[in-house]
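Only one structure is covered here, and it is reproduced in the block below.
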Amino acid sequence: MSKPIGLNTIEKLHNIVGANGSTTDPDIIAPHLSEWRGKYFGHTPMMLMPKSAQEISAIVKLADEEKFAICTQGGNTGLVGAQIPFGEVLLSLKRMDAIRAINEADDSIIAEAGVVLANVHAAVKNIDRQFPVSLASNGSATIGGLISTNAGGVRVRRYGMMRNQIMGLEVVLPNGEIMRELSPLRKDNSGYDLKQLIIGAEGTLGIVTAACLKLVPSARNVFAAMASLDKVEDAINALRRLENETGAVSAFEIMNCQAFEYGLKNLVGSKNPLSKIAPFTALIEFECAADTQNCENALMALLGEGLFGEVAISQNIAQFEAFWQLREGMSAAQKPEGLAAKHDISVPISAVSEFMKLAEMGANKIVPNVRIAAFGHIGDGNIHYDVLRPIEMHDDEYRKFIPSISHEINNIAIGLGGSISAEHGIGVAKRDEFLAREPSAQLSLMRKIKALMDPNNILNPRVLV
Ligand SMILES: Cc1cc2nc3c(=O)[nH]c(=O)nc-3n(C[C@H](O)[C@H](O)[C@H](O)COP(=O)(O)OP(=O)(O)OC[C@H]3O[C@@H](n4cnc5c(N)ncnc54)[C@H](O)[C@@H]3O)c2cc1C
């Protein structure tokens, strides 16, 4: 529980950030107290919106002295509740939204923490480069949030996670010191790589204020295909074949029949480019340096061999976007179908098929006739495995089964050598499961690091460890 702050502290904080940098107005704060799924409704004495690392440093020093806690928020798209304050002072990075530099020769961009991902994508087009991290929350998620959650998304197999895109960070540490390493260095083996500790720490070890990001060549021709499949194993075979034969696969996503059906039913304007709904549908994106013929030939070869049942290739940008809207709308499409137990698991790619079989049996053992909507990044072994209530059951009745279902699904993932959080983090939503499962050697080291860096537990105190 965070220590309440008095009027005197509110005044001091107000003086640090100035008139535009803080508010106690409930109407302005309200959108920051819940997330898009409506799972958490928090509260805070005030919201701070600093404009610089120096202001954040002064805020954090005061928090450390007076021992009040801070909850950091970027775009508020996080899926594990960590960005919603429950009594802490809310620190929003939304006013730190400058792109400080784009350097063509270094293939780098320095963006402040509050810059929205889509704005980074747009900014680097001017120099004919791209920033490869892409997810359905592109239009709201911020650089600081993406770094703090080590976000994944749809291009991880080709380009890696957020961690792999970072050359340098500027971070306010829990004692208020500013660690600034924003040089676009591709190699630096001098000492511990401290930025890696901050990446994925979910705001518990420091507040990211800016980052130096790596850029990659932009593709000349990009297109997408939808293909129907009978089995998960076929998807994995197809992915490996297409990678070998084209070297151009930039995303390979799958949706099971239930997830795909909800997309077609509930997403306005969506259309199935294939003639029927197969057990699995793959969305495959290619980034081609030259023309697309080689990639199209490779798809047709797999169709000829019967690995794909059907294939539809996007013929123009509108179709390309329509294919992606179906995939990116998977979570939204489930909402009208009732309450779901949601999971973001990963297993070794070789175990995805086994996971799908065991998880379906496990969930049905707890509540017969649940509906499974599974989709995600099969090339990373990362499945968003959502277990929806049986049609005839009421949400309120189903709610009490969710902890047992999640425990079972997580057990299955762990039993196959997997993780209970592939890309969304632990936050508050998965903290109990994480603490109960994490091996003691790792957990004890994480706690020592947290205690060393943040002895007064002022940064995101309810999160992770
Ligand atoms: C429709 C949808 C699709 C999504 N798809 C994906 C996906 O494919 N892959 C994926 O990985 N995630 C996905 N997400 C989750 C989410 O977008 C990511 O976790 C994202 O990285 C969060 O960024 P944010 O700016 O919204 O951070 P927030 O939600 O505001 O915060 C997330 C965490 O980061 C911390 N934080 C935020 N900014 C800072 C900072 N400057 N310094 C320190 N800590 C900070 C917060 O305290 C919190 O712990 C999706 C979310 C939605 C809504």
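The values are calculated or read from the model by the stated rules, or taken from the named source; none is laboratory data. Just so we're clear, the structure is a prediction, and the values are computed from it rather than from any experiment. Don't worry about glycine lacking a Cβ; one is built from the backbone with ideal geometry, like all the others, and counts go over all protein chains shown.
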With the condition kept exactly as written, say whether any residue in the range 128-150 is away from the ligand (no atom under 12 Å from the Cβ), at pLDDT 95 or above and out of contact with any strand residue (DSSP E or B) (no Cβ under 8 Å at 6 or more places or on another chain). no
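Would you check if there is a residue in the range 266-279 being of a type in the set (D, E, K, R) and touching a helix residue (DSSP H, G or I) at 6+ places or on another chain (Cβ under 6 Å)?
First, the residues of the range 266-279 that are of a type in the set (D, E, K, R): 271, 276.
Now narrow it down to the ones that are touching a helix residue (DSSP H, G or I) at 6+ places or on another chain (Cβ under 6 Å): none.
No; the residues of the range 266-279 include none that is of a type in the set (D, E, K, R) and touching a helix residue (DSSP H, G or I) at 6+ places or on another chain (Cβ under 6 Å).
Suppose we filter S331, S350 for residues that are among the hydroxyl-bearing types (S, T, Y) and crowded, with 18+ Cβ neighbours inside 10 Å; which single one remains? Let's see the steps before the verdict.
Details: S350 fails: crowded, with 18+ Cβ neighbours inside 10 Å.
Result of the check over S331, S350: S331.
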Within the range 151-164, take every residue that is more than 6 Å from the ligand (Cβ to nearest atom) and touching a Gly at 6+ places or on another chain (Cβ under 8 Å) and give me the one that is farthest from L91 (Cα to Cα). R157
Under the condition of being closer than 26 Å to R220 by Cβ and crowded, with 18+ Cβ neighbours inside 10 Å, which residue from the range 92-114 is farthest from the ligand (Cβ to nearest atom)? D107
Testing V60 on (1) touching a Gly at 6+ places or on another chain (Cβ under 6 Å); (2) of a type outside the set (G, A, S); (3) assigned to a strand (DSSP E or B), one condition comes back false. Which one is that? (3)
Working only within the range 437-465, note down all residues that are in a helix (DSSP H, G or I) and either within 16 Å of the ligand (Cβ to nearest atom) or assigned by TED's automatic domain parsing to the domain that holds K342 (or both). M446, I449, K450, M453
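Each row is one residue, and each column tells you yes or no for (1) of a type outside the set (V, I, T); (2) closer than 22 Å to D380 by Cα.
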{"residue": "L194", "(1), (2)": "yes, no"}
{"residue": "V208", "(1), (2)": "no, no"}
{"residue": "V222", "(1), (2)": "no, yes"}
{"residue": "A235", "(1), (2)": "yes, yes"}
{"residue": "S270", "(1), (2)": "yes, no"}
Considering residues that are outside any loop (DSSP other than H, G, I, E, B) and either within 19 Å of the chain's Cα centre (by Cα) or surrounded by 17 or more Cβ atoms within 10 Å (Cβ to Cβ) (or both), the number found within the range 409-436 is 9
Any hit, the range 372-387, residues being over 17 Å from I284 (Cβ atoms) and surrounded by fewer than 18 Cβ atoms within 10 Å (Cβ to Cβ): no
In the range 72-85, which residues are of a type outside the set (G, A, S) and more than 6 Å from the ligand (Cβ to nearest atom)? V80, I84, P85
Condition first: in contact with a Leu (Cβ under 8 Å, 6 or more places away or on another chain) and closer than 18 Å to L93 by Cα. Now tell me which residues in the range 1-29 satisfy that. L13, I16, V17, G21, S22, I29
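Report yes if M356 is surrounded by fewer than 18 Cβ atoms within 10 Å (Cβ to Cβ), among the hydrophobic types (A, V, I, L, M, F, W, C) and not assigned by TED's automatic domain parsing to the domain that holds E243, otherwise no. Lay out the reasoning, then the answer.
Details: surrounded by fewer than 18 Cβ atoms within 10 Å (Cβ to Cβ): no; among the hydrophobic types (A, V, I, L, M, F, W, C): yes; not assigned by TED's automatic domain parsing to the domain that holds E243: yes.
Answer is no for this residue.
Please verify whether I313 is under 16 Å from F375 (Cβ atoms) and among the β-branched types (V, I, T), treating the condition exactly as stated. Spell out how you get there, then give the answer.
Working: under 16 Å from F375 (Cβ atoms): no; among the β-branched types (V, I, T): yes.
No, not satisfied.
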Qualifying positions in the range 115-127 - assigned to a loop (DSSP other than H, G, I, E, B) and either surrounded by fewer than 23 Cβ atoms within 10 Å (Cβ to Cβ) or within 7 Å of the ligand (Cβ to nearest atom) (or both): N126, I127
Checking G362, G309 in turn, the sole residue that is part of a loop (DSSP other than H, G, I, E, B), on the phi < 0 side of the Ramachandran plot and outside the structural domain of V156 (by TED's automatic domain parsing) turns out to be G309
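Here's the yes/no breakdown for (1) among the charged types (D, E, K, R); (2) away from the ligand (no atom under 16 Å from the Cβ); (3) surrounded by fewer than 17 Cβ atoms within 10 Å (Cβ to Cβ):
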site	(1), (2), (3)
L242	no, yes, no
E253	yes, no, no
N256	no, yes, no
S275	no, yes, yes
F286	no, yes, no
Could you figure out which of (1) of a type in the set (D, E); (2) touching a helix residue (DSSP H, G or I) at 6+ places or on another chain (Cβ under 7 Å); (3) touching a residue at least 40 places away in the same chain (Cβ under 8 Å) isn't true of D64? (2)
In the set A248, A312, the lone residue that is in contact with a Pro (Cβ under 7 Å, 6 or more places away or on another chain), more than 22 Å from D386 (Cβ to Cβ) and touching a residue at least 12 places away in the same chain (Cβ under 8 Å) is A312
